[in-house]
Each structure stands twice: as C-alpha cells, then as structure tokens.
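Values in this text are rule-based calculations from the coordinates and carry no lab data. In this text, all values refer to a predicted model and were calculated from it rather than measured experimentally. Glycine gets a Cβ as well: all are built from the backbone with ideal geometry, and neighbour counts include every protein chain shown.
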Amino acid sequence: MEFLLAVAIVVVVAWFVTAPLRDRPSRHDDEEDRAAAELAALEARKKAKYREIRDAEADRASGKLGEEDFRRLDRELRAEAVAILKRIDRLRGAGERET
Amino acid sequence: MPVEVRHHDHGASQLTLLGSALLAAALIAGLYAAGAAVQGARRHDRRWVDSARRAVYAVAGLLTAAVVILEVAFVSDDFHFALVADHSSTTTPTFYKLTAMWSSQEGSLLLWAWVLSLASSGVLYMTRRRHREIVPWATAVLAAIGSFFIGLMIFKAQPFARLDPAPAEGTGLTPLLRNPYMAVHPPMLYSGYVLWSIPFAFCVGALISRRLDASWIRTTRNFALCAWTFLGIGLLLGSRWSYEELGWGGYWGWDPVENAALMPWLVGTAFLHSVMVQEKRGILKVWNVGLICGTFCLCLLGTFLVRSGVLQSIHAFGASTVGGPLLVLIAVVAIGSTLLIVTRLDGLRPERRVDSLLSRESIFLVNNVLLVGLATVIFWGTFFPLISEFFTGEKHSLAAPWFDRYVTPLGVLLVLFTGLGPLFAWGRLSGDAARRLLLWPVLAAAASIGVLLAVSDAGGHPWALFVFGFAAFTLVALAGEFRRAGATRRALTGEPFPRALATAVGRNRRRYGGYVVHAGIALTLIGIAASSSFQTNRDLRLRVGQTAKVGDYTIDYRRLSADPRNERIAFTAQLDVTRDGKHFATLNPARNYYPTQDPSAGAIGRYFMGESTSEVGLKTGAGGDLWTAFQPDVSTLNPDIVRGNRMLANAGPVAQGIAIDVLAQRYAQHPPPASFRVIVNPLVGWIWIGALIGVAGAVMAGWPALESRRRLEAAYRARLGRELGAANPPA
C-alpha cells in the first residue's frame, strides 16, 4: 500500500514539475514577460524613490535638514524619480505599441 | 513509580519506508530544480525556470509529508521509528512528543530542510514574474542548499531509520529539554538561519547576472528582517532557558553554540542597516554583498558547531558524521562568494561619496564597524581552542572574563550609536540642528549618570555606568523623534497630537518600527549591565528551620516535600522570603531525578543515577529577580538504596513503586542540610522585556503598508477589467 502511494506521489510530482516543459516556447510571451519584469522593477524603484523624497521632507519639517541642504537633496531625488518615470512611460508605450 | 510495560502492536510499520521514499523523491526534485534553473538561466528559457520553481514547491510538499509522518509516529508512540524510540516514550507529555522531533540530529536536519523549502517556495512564488535574470540563479542556489541537507539526512543521519522488532518503550526526552522555551527555541533559531539563505541566494543571483543595483535588496528585505527577528527570538528563548533550567543563575555563558547564533545576528544587524545606505546613497555595495555572504556562512557555521563536536557545548548534539560535509559546504559558500564578489568589483562601484560626517550614513558606517567588530572578537574567542591547537598542539579555551573584557567596550559604544543614528538625517545634518537635537539626550545621559553616582555604587562599575548613561541618551533621543513626528504632522493638519502621531508613525512604519527596535535594544542592554554588574550571589547550606540573609532578603527554609511519579522523583523546598520584616515571596525551588535505563543501577538506584534537573524558585519584578536553585543531599539515601536494590531486585513494579514512595517521603520528613544558590538580579527582567519590544518593533517595521495593500487591490481590479474586456471585445 505504502509502495503504491510512493509511486503515485512520484508520478504526480513528475507530471506537475514538467508541465511547463510541455508548453511550446513563445518568443512573444517571453518578451512580454521580460517587459513586465522590467516594469515591476522600475515600479519598485519608483516607490523607493518616493519614500526617500517623503523622508527628506519629514527631515526638513522636523528641523534635521537645513533649507539649503533640503533643496539640494530634493532636487537630486526628484531628478532621479523623473528619470525612472520616463523609463516606465517608455516601457509602457512600447508595450501598448505591440498590442 | 515504575509502570507496567505495555506492548505496542503496530504491526510491521511501512511508514518508515514511505518516509525514506519521500526524502529520496525530495532529493531528486531538489537536484532537478537546481539543474533546471541553471538551464533556464543559461538558455533564457522561461519554461525551465518555471519547471524549477515547481520542483521547489514539490520539495516543500514532500518534506511536509515527511514531517507529518514523523510527528504522527511521535504522537502515536510508534517505536518502529528509531528516532521516536530514542527521544520519546509513552509517558512523555504530548506537547513534548510533538517537539521531540528536533531534539535529535536527524529531526533537526529535517526541520532545517523543511523550513528552507517552505521559505524558498514563498519567495519564488512572490518573484515568479520579477527579476528574470536573478531568480533562476537564486532558485538554483536555494535548491542546491536544500538538496545538500536532504542528502545529509539520507546518507548520514536518516530520520526514518527503522527498528525491527520495535521496543515496548522509548528512552524518553532528555529531561533538560522538557521546558517550553527549549521546545520552541530550535524552530525559531533554524528559521533564522534558513531565512538568511533567501537574501544570500538573491545576492548570488545578482552577482552572477550582474544585476547589481538595489532591486534584490528590496525584494528580500522582509525575509532578512524575518531572519533577524527569528534568530533574535531564538537567542532570547535560549538565554531564558539557561536562566530557568540550568541552575547556575546566568543567561549567557559565552558557550560556543550560543556565540555561533549571536555572530550571524550581529552581522545580520549590520547588513539590515547598511543596505539602507546602499538604497539611499548608492554606496557600500561591496560591503553589503560581503555582509550577506558572511552572515549566511556564519549561519552554516552555527549549524556545523552544534553537530560536529569540535567544540564542547551543552547545546551540542555531540560528535557526528555530518560535521565534515557541513565544513565542505561552508568552504564552497565562502570561496565561491569571494570569487564572485572579486570578479564583479567593477559593477559594485559606489555611485556617490559620503558628503558629511554629520549624516546618518556616517553613523551607520560606524555602527557597522562596531557590529562586525563585535562578531570578530566573538569569533576569535569561540574558535581560539582550535586556533591554539593548530599552532601549539594544545587546546586553550577563553572563558567568560576574556569575552567580557573585549566585548563590553564595543557593546557600550553600540548603545550610544543606537541613539545617534535616528537623530541624524540622510545626506547632511547642519551644525545648528545637531546642537538642538542632541541637547536633551545629552542632558538625560548626564543627569542619569549624576544621579546614579550620587545614590548608588555605580561609580565602581564604570562600564555599567556608561551603558545607563548612553541608554538614557538613546531613549530620550527616540522619544524626541516620536514627538517631532507628531508635532510636525499636527502643525500641517491641525489634528490632535495623539492622532497626528499615530498617522505619522503609521505612514512610515519602517522608520518608526526601527526606532522601537532601538528602544528595545537599549532596555535589554540596561538589563544586562545591571544584572551582571550589581548581582548579589550567595551559596548557602541550610537545615529545615534555618534562615540566612542575602542582600536585603531573609531566606527561611521551612520544609521539604517529595513528589514521586512514574517518570521522575521531585524534591521541592519551600522558602519564605522577607524583606524589611515583611513577607516578600514564597519560593519553591525543586530538583527532579529521572530514572536511568541502565539495569545495573538497580530497581531503586536507577532513580538517583540518571539525569537530574533544576526547577528554580523565581520572584520576578520590575526592579529585579530573586532567583534560587536547590540541591538536596541524596547521598544519605545510599544505604537505603543499596538495601532496596537487593531486596526488590525481583519484585514487580508495584512493590518497587511503593518502596520508592516510602523512601522519598521518609527523606522529606527528615532531610539533611541542603545547598541553595540565591541570586539577587537587579533589572534582569528588562532583558526579556526589551527583547520583546524589539521583536514588536521588527514586526511593525516589516508589516506591509496599507498603501501597498490598496495598490494590490487596485492592480487586481485593473487586471479584472482588462481580462473582462478581452473576453467580451466590442462588436
């Protein structure tokens, strides 16, 4: 009984694990996945950059950052955020053109 | 009292074979996962990567089934399983039957592999559509590590080893491990070790694929935080067990296995801080990859130390055959990581410099040096016996005073920087702002030192005095941060202060959760400094009815009672404690005697020639603990034991039970003088309270933000809209 159970488990596991290999490779799906992954990474970077901007604002409001230092840092961070947004828009635009 | 031996008839249990088959299938699946992931990475073929991920899920499923089989065997007393026979018995309480699995080498390896498979499955599921270049390599690394531990079990330490015929009774769980803290300590510790493999694997994936930005850090941050938290909880539980169970009154003995868990926690703490610097300033990239590789190596080292027998420890399983392979794994990880880092140095260049010494990143740098310095000192002290043996041929150990001498100054400085870090801003803190922000914390430190010098003998303990002063600095600094957060928001919104504070903290849980952790650390270090520097410790020898004075307390030994049972005999002392003439507490320290299985000890003697454990008498308060342990003098029973062994050698268990009962009760009525250790431990409870606050802060820092949950919901709604639109295109 336990032997049959072990054999059944092995068969099920093998079927489950090899399922993706039974799909045909699709270049289109591959490129779409690549773009989606790139977009997700950029979204994460954007979120992190927004957090840094908010942290700098909080530090200025609480008096940790002087006005001049805050302006310099804020300028830097916003420039980096804009660069990320531009890359996101470029990727989204490329995706829409494909569809 | 001895019991009638029951004969279990489980028939020929084939479940041991099923368990072995599950391990074999898991090994094959794990090796396949590693190979398929590498194939997918090299050929950029998504199908192989997906197949590898499914194989990791399969490993998790197979190991879960294996764990279930083993736990059912423990609970049902199936002594066909050698593990169950060696570590459990019919009289072991059910809770300890469930936790006995990881009291053994074999079961703990299964726990390690199982937790790793679950964590790997979780992170691979979360990243199944992200990090296309990194994830395949991370999958390969995680699968390879898992396969290693499964292979260790199959070839060196089989948890499903079978006994045929099965014995009628098991050996039972080691008495020292029959403690709730020790039951939960191993899963916490192993979860900590295992979860560090996640950021390590992603770091390796980032290095191999040369995706060297901070994306892998963001993805694995919460796993790193969980690893740090679990490892911290494991350390906390272990030290509490030592305090309550080992009978020496201490919570940390600089034991090699204790140190082996502390080192990755320290280096991991450094990593959690310095990755923030990399994210915000683009620097410390080489340092961070080095730190995470070092942290994981230290986790493997901790796993190795407890199983190899190279260093003596009360925590170790003892010498075994798994030490050699573990050492090979550590060498492969260390050398492989170093080669990867060296060959990727060009991609790990800093993007900026540190602009100012008055900045958070500078403080974090110093903090990192202190933490890694601490870990280095502890590493040297822990491995000195092996180092000295290598060079001189003799093993020389370094005891607690050596560790205290070199660890204390670094620990004291760490308390200070725990408070400085939150005060400083990223980038640059102006001189005026620095003066304003430091004023109250510095005044608090000075005031606390002044008061302590005036009202106590703290001046005789300078390091403790510095800890109290720097901890006051830290706590006031952190309170100021929370106050500023609430005040700033109230100024912007007009909300009442409590609501403004709650909103400000809720919107930046990562920052303020971190501050709560810092507060917990400061409180813990206060507890450590006070209890180690101002402890009163006396060893007494008292007869029933005698009293003794320890510090401000009068200890009155009132009576001794005996409680003989099947699985052990307990002798309990009743101590009435008064302070300033008033009743303070009644303490009941006990000594438990567990029977040995060795028949040569005799029917009566076996109870006094087996293992014994202490149950401490403890009165806990905010100001400190009164701790007592008790050692009765059972040598006076020897003539009765010898006579009883002779007369009852062929008697049945009922007669033996009655004899032991009579012996124990007679001893309790006319006990000889007993030995007591009494310790007054000021503020020791703050160690545990501070640690729990730290854990709460870590949970707060890692809790997903409401904003990201809302975004997740919005993303699902958008997807639904798209897919509905695709299903019903416009005519």
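So the values come out like this:
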read-out: Under Karplus coefficients 6.51, -1.76 and 1.60, residue-wise ³J(HN,Hα) of segment B:107-120 in Hz, glycine/proline x; value: x, 6, 5, 5, 4, 3, 5, 5, 4, 4, 5, 5, 5, 4
read-out: Within straight-line cross-link reach of residue B:619, lysines at Cα separation under 22 Å, skipping those fewer than 8 residues along the same chain; value: B:549, B:582
read-out: Residue-by-residue Karplus 3J(HN,Hα) for segment B:197-214, coefficients 6.51, -1.76, 1.60, Hz, glycine and proline x; value: 5, 5, x, 4, 4, 5, 5, 4, x, 5, 5, 5, 8, 6, 9, 9, 7, 8
read-out: Local net charge near residue A:86, Cβ-Cβ under 12 Å (Lys/Arg +1, Asp/Glu -1); value: +2
read-out: Net length gained if the chain between residue B:351 and residue B:126 were fully extended (0.36 nm per residue, minus Cα distance); value: 78.1 nm
read-out: For chain B, size of Cβ-based charge dipole, Lys and Arg +1, Asp and Glu -1, in debye; value: 3180 debye
read-out: Over segment B:13-173, relative contact order from alpha-carbon pairs under 8 Å, at least 6 apart, %; value: 36 percent
read-out: Cα-centre dipole for segment B:544-672 with unit charges at Cβ (Lys and Arg positive, Asp and Glu negative), debye to 20; value: 240 debye
read-out: Residue list for segment B:56-93, given a label point 7 angstrom along the Cα-to-Cβ vector of residue B:17 and an amide N cut-off under 19 Å; value: B:66, B:69-70, B:73, B:78-83
read-out: Other-chain or far-sequence residues with amide H under 5 Å of residue B:559's (modelled H); value: B:574
read-out: Among B:577, B:659, B:612 - extreme Cα towards positive end, dipole of segment B:566-676, charges at beta-carbon; value: B:659
read-out: Sorted by Cβ neighbour density within 10 Å, fewest at the top, the residues B:676, B:534; value: B:534, B:676
read-out: Degrees, to the nearest 10: A:67-98 long Cα axis against longest axis of chain A; value: 40 degrees
read-out: Stretch gain in nm, segment residue B:376-residue B:546, where the contour uses 0.36 nm per residue and the Cα spacing is subtracted; value: 56.3 nm
read-out: Of A:61, A:36, A:94, farthest towards positive along the dipole that unit charges on Lys, Arg, Asp, Glu beta carbons give segment A:27-98; value: A:61
read-out: Helical mean residue ellipticity (222 nm; -39500 (n - 2.57) per DSSP H run of 4+; nearest 500) of chain A; value: -30500 deg cm²/dmol
read-out: For chain B: relative contact order, % (alpha-carbon pairs under 8 angstrom, 6 or more apart); value: 11 percent
read-out: Fewest-first ranking of B:84, B:455, B:257, using other Cβ atoms within 10 Å as the exposure measure; value: B:455, B:257, B:84
read-out: Whole-angstrom gap from segment B:18-45 to segment B:120-157, using each part's C-alpha centre; value: 9 Å
read-out: Within straight-line cross-link reach of residue A:64, lysines at Cα separation under 22 Å, skipping those fewer than 8 residues along the same chain; value: A:49, B:280
read-out: Amide H within-cut-off set for residue B:162, under 5 Å, with H built and near neighbours excluded; value: B:82
read-out: Helix-derived mean residue ellipticity, 222 nm - over chain B, DSSP H n ≥ 4, -39500 (n - 2.57), to 500; value: -22000 deg cm²/dmol
read-out: ³J(HN,Hα) computed for each position of segment B:367-384 - Karplus, 6.51 cos²θ - 1.76 cosθ + 1.60, integer Hz, glycine/proline x; value: 4, 4, 4, 5, 5, 5, x, 4, 4, 5, 4, 5, 4, 4, x, 5, 9, 4
read-out: Pairwise FRET efficiency - residue B:95 versus residue A:15, Cβ, R0 = 60 Å, nearest 0.05; value: 0.95
read-out: For B:417-430, mean number of other protein chain Cβ atoms within 10 Å; value: 4
read-out: Distance (nanometres) between label positions extended 7 Å along Cα→Cβ at residue A:2 and residue B:340; value: 3.9 nm
read-out: Two-site label geometry, residue B:386 and residue B:600: point separation in nm, points 7 Å out along Cα→Cβ; value: 3.5 nm
read-out: Residues B:38, B:354, A:11 arranged by fewest to most Cβ contacts within 10 Å; value: A:11, B:354, B:38
read-out: Amide H within-cut-off set for residue B:170, under 5 Å, with H built and near neighbours excluded; value: B:90
read-out: Relative contact order, percent, segment B:544-672 [alpha-carbon distance under 8 Å, six or more residues apart]; value: 21 percent
read-out: Global form of the protein assembly as shown, assessed from the alpha-carbon gyration tensor, a/c cut-off 1.5; value: oblate
read-out: Options B:231, B:560, B:102, ranked by Cα towards positive dipole end of chain B, top entry (Cβ charges); value: B:231
read-out: Degrees, to the nearest 10: A:2-18 long Cα axis against longest axis of chain A; value: 50 degrees
read-out: Shape category assigned to chain B from the gyration tensor of Cα positions, a/c cut at 1.5; value: oblate
read-out: Electrostatic dipole magnitude of chain A [Cβ: Lys, Arg +1; Asp, Glu -1; Cα centre; debye, to 20]; value: 280 debye
read-out: In nm, spacing of pseudo-spin labels at residue B:184 and residue B:647 (7 Å Cα→C-beta vector); value: 4.7 nm
read-out: Cα-based shape type of segment B:622-709, given that a ≥ b ≥ c are square roots of the gyration tensor eigenvalues and the cut on a/c is 1.5; value: oblate
